[in-house]
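Here is the structure we will look at, set down as structure tokens.
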Amino acid sequence: MKALIQNLKTNGFEVLQAKDGKEALSIAKTFIKDGLKIGLGGSESVKEIGLLDYLVGLKNITLFNQYEAGISMEENLNRRRNGLLSDLYITSSNAITLNGWLVNVDGTGNRVAAQIFGPKKVLLVVGKNKIVLNLEKAIERIEKIAAVKNADRINKTAVKYGKIRTYTPEDLCNKYSIIKHDESARTTIILVDEELGY
């Protein structure tokens, strides 16, 4: 873990450690300031630590929450676009390699786009289960674990709302990103010493 953290820092990422989801939530809250415009990328990790519920409950920020029930697809896309120009973008990473690279995949691309460019600050909540040896293992993890579990989650949600579309893992693996270095030092990673998300 020490070598990974050093590699991430050498690559320009700020790294904060949390022993569990509760501590990760406390750390994340320190980034939330009055008046901020906050974008969201799909993340079970953010939900699991309670950060999504916390953000939804705040009145002193502008939250571009595309996951709000009952909004139209047009409004959903509008919120995703606005998230790309937010003050703070909150999500997770699909995988982090031991040499300190962030590896991600997206179905539509808003989450990977925001990690690369756009929002002033990016905050990632990442469980230890996302740490992998190298790029090959990162892609393997994404395609055989994360995409499979995400497709299953999306399909269950679709059935709940009476939709018939059936997503496959391949549907969610359209746009890949590999961030080797953050020259602008805009990304902070909260590295959590427990398994979170997919």
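The values are calculated or read from the model by the stated rules, or taken from the named source; none is laboratory data. All values reported here derive from a predicted model rather than from experimental measurement. Backbone-built Cβ (ideal geometry, glycine too); neighbour counts: all protein chains shown. Accessible surface is based on the protein model in full, side chains and every heavy atom, while ligands, DNA and RNA are left aside. Shrake-Rupley method; radii C 1.70, N 1.55, O 1.52, S 1.80 Å.
Can you find a residue in region 112-124 that is more than 20 Å from Phe31 (Cα to Cα) and crowded, with 19+ Cβ neighbours inside 10 Å?
For region 112-124, residues more than 20 Å from Phe31 (Cα to Cα) and crowded, with 19+ Cβ neighbours inside 10 Å: present.
Hey, can you tell me all the residues within region 2-27 that are touching a Leu at 6+ places or on another chain (Cβ under 9 Å) and either without any contact (Cβ under 8 Å) to a residue 60 or more places away in the chain or in a helix (DSSP H, G or I) (or both)?
Those that are touching a Leu at 6+ places or on another chain (Cβ under 9 Å) and either without any contact (Cβ under 8 Å) to a residue 60 or more places away in the chain or in a helix (DSSP H, G or I) (or both): Ala3, Leu4, Ile5, Asn7, Leu8, Gly21, Ala24, Leu25, Ile27.
Of the conditions (1) surrounded by fewer than 24 Cβ atoms within 10 Å (Cβ to Cβ); (2) farther than 23 Å from Asp171 by Cβ; (3) at pLDDT 95 or above; (4) small (Gly, Ala, Ser), Gly70 satisfies every one except a single condition; which number is it?
For Gly70, the exception is condition (3).
If you scan region 161-189, which residues turn out to be under 28 Å from Leu88 (Cα atoms), not in a loop (DSSP other than H, G, I, E, B) and not aromatic (Phe, Trp, Tyr)?
Asp171, Leu172, Lys175, Ser177, Ile178, Ile179, Thr187, Thr188, Ile189
Among Ile90, Ile189, Ile178, which is the only one that is surrounded by fewer than 18 Cβ atoms within 10 Å (Cβ to Cβ) and either within 16 Å of the chain's Cα centre (by Cα) or among the acidic types (Asp, Glu) (or both)?
Ile178
When only residues in region 132-153 that are among the β-branched types (Val, Ile, Thr) and surrounded by fewer than 18 Cβ atoms within 10 Å (Cβ to Cβ) count, which is farthest from Ala24 (Cα to Cα)?
Val148
Let me confirm something: among Asp106, Asp53, which residue is of a type in the set (Asp, Glu) and at pLDDT 95 or above?
Asp53
Scan region 28-77 for residues that are assigned to a loop (DSSP other than H, G, I, E, B), closer than 26 Å to Glu195 by Cβ and free of Cβ contacts under 8 Å to residues at least 60 places away in the same chain and jot them down.
Thr30, Ile32, Gly50, Gly57, Asn65, Gln66, Tyr67
Among the numbered conditions (1) open to solvent by less than 10 Å² (accessible area, probe 1.4 Å); (2) touching a residue at least 40 places away in the same chain (Cβ under 8 Å), tell me where Gly107 comes up short.
Just one mismatch for Gly107, condition (1).
Please enumerate the residues belonging to region 1-24 that are touching a helix residue (DSSP H, G or I) at 6+ places or on another chain (Cβ under 9 Å) and open to solvent by 30 Å² or more (accessible area, probe 1.4 Å).
Met1, Glu14, Leu16, Gln17
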